[in-house]
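To keep things clear, I will list the structure first and then write my remarks on it.
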Ligand code: FES
Ligand code: MG
């Protein structure tokens, strides 16, 4: 029997003699539906993160209609639920503060309404992880409709990339090399269609991860948002959601340990965003699947980078799609022994190998072979040491090779505001040997772990041609950023992690080959400093921020809420 029949009864057993079912059915008539349009049919909730304020999802209001078309076609009954949008551009201090709120909303909507399965519509950075975390906890059959990347940017015939070219042209303007007129052309050309960022930022990384987990249809994640293929994919996803319900194919059967290993390998082969390390750990946690930062490090040592997409490479997501998209990349990745698990289950009901077995590469420059990779190792390493007992992350592929083994004196900033105010001051004495340290930017301290991790280089060093420094923080970094930036230091300084004890002048060692991050200060001295350390004032006294602060876990645990991450009884409602 369908879960929704507990609300409505079914066509054979009109009300089952229940007053509530009679009441629910009368309200369905009020909504304008005939009994035969919905009774006995799988109810598919379409969770839509469309909003007027989210340019990455501006097409999803209309695209939900194509999902509905597919649901009807397959004999289901679609109901659209607007859910909280998380717009990376507009929501402050960062949508990361609200990822768990959307995850809670997703779980509770699916739990409390007459729903049999779900289609999850999202793309902009935090939306896909939030929707998948909630759907995993709700336990109903579900799949993702990725919002798709926007078209390439365009400025006088030049292809512009999200993030990277924003900074580049702003610097051109500040340097007086372009004027107001050119700047306004760039403003109109940087983001010129619906869809998420078209570099390999967090959105492209996490939608690809959803596909690699087997939680989205094959080839779905790279289809440009405005391509007619995106309409067809939406319809096919709606139809498939109905079948998922009939087959009782729930997320826990798809998002297994093997699926997370494959998603991590895919993210690393894409040269994807470091944010994926937080999100995949959080998603696995919802299912009780053991999956940690160490797994990423281990997988990264054997998986090459195969996608030549910015910021690591040259192409954009539109080029990646025309080159064959994720299926073509997965086919190459599958050539690496042990990189993928071909036999595990996916939302199609077919094994994962069916996602890529017949795929072809149409542009070998954009999607490389393991014999001719962009880099022979995955781009991300996980560090440990007395400065990061819970771990830290570096995208070393995007770092200056000579800095990957470095010891230098720390220059400490207690907040991002202080850093912005003082970074260019020559009196700080920052040299190319210095190690910049930013604290107070973690999950609690930020709050929400803002993307401050690419600390700026002081102007006087830039003028001398210094392009990179070792930088360490408890913040995150945008998927489109680069440099020798050690991120996600756990525990964070605000929670009393060792980062709180660093003083300007202390020697700090970064040794990426040894996976080490060490503060070269005697243990007794650190003990003395710890004893004198005063925890900072709580950021919030009321509101969602207070709930967040009480329950957020550290970066190595995925920044989920402790009460959402744990397994345990959460009784289903009784609609009768
Ligand atoms: Fe939405 Fe970049 S702003 S994906
Ligand atoms: Mg981003």
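Quick note: the coordinates plus some simple rules give every number you see, no bench work behind them. Computed from a predicted structure; not experimentally measured. So basically every Cβ, Gly included, is an ideal-geometry build from the backbone, and we count neighbours across all protein chains shown.
Odds and ends about this structure:
- Sum of -39500 (n - 2.57) over DSSP H runs of 4+, divided by residues of the chain (222 nm, nearest 500): -10000 deg cm²/dmol
- The coefficient of translational diffusion for segment 344-398, derived via Stokes-Einstein from the alpha carbon Kirkwood radius under 4 °C and 1.567 mPa s, stands at 87 µm²/s.
- Pairs of Cα atoms in segment 79-185 fall into 5 Å distance bins, from 0 up to the last occupied one, in shares of 2, 11, 17, 16, 12, 10, 9, 8, 6, 4, 2, 1 percent.
- When 550, 261, 180 are sorted by how many other C-beta atoms sit within 10 angstrom of their C-beta, beginning with the fewest, the order is 180, 550, 261.
- Between segment 270-339 and segment 505-563, the C-alpha centres lie 28 angstrom from each other.
- Rule-of-thumb Rg ratio for segment 380-515 [Cα; 2.2 N^0.38 Å; N residues]: 0.94
- Crossing angle, helix 180-189 versus the chain [Cα axis fit, 0-90 degrees, rounded to tens]: 40 degrees
- Two-decimal log10 I(q)/I(0) for segment 285-335, as the Debye equation yields it once each C-alpha is a single scatterer, q = 0.17, 0.21, 0.23 Å⁻¹: -0.71, -0.87, -0.92
- Against the compact-protein benchmark of 2.2 N^0.38 Å, the Cα-based radius of gyration of segment 153-229 scales to 1.35.
- Spatial offset of segment 418-446 relative to segment 63-115 amounts to 39 Å, using the alpha carbon center of each.
- Relative contact order of the chain: 13 percent, from C-alpha pairs under 8 Å at least 6 residues apart in sequence.
- Spin-label model, residue 431/residue 354: points 7 Å from Cα along the beta carbon direction are separated by 6.3 nm.
- Alpha-carbon Rg with Dmax, taken over segment 1-148, Å: 16.3, 53
- Convex hull per residue volume in Å³, alpha carbons only, for segment 404-483: 93 Å³
- Two-decimal log10 I(q)/I(0) for segment 292-403, as the Debye equation yields it once each C-alpha is a single scatterer, q = 0.14 Å⁻¹: -0.66
- Segment 354-396 and segment 122-185: distance between their alpha carbon centers, rounded to Å: 21 Å
- Size of the chain: Rg and Dmax of its alpha carbons, in Å, are 24.4, 83.
- Prolate/oblate/rounded call for segment 240-337, Cα gyration tensor, a/c under 1.5 rounded: oblate
- Base-10 log of normalised Debye intensity for segment 310-367 (one unit scatterer per alpha-carbon) at q = 0.16, 0.17, 0.24 Å⁻¹: -0.53, -0.59, -0.95
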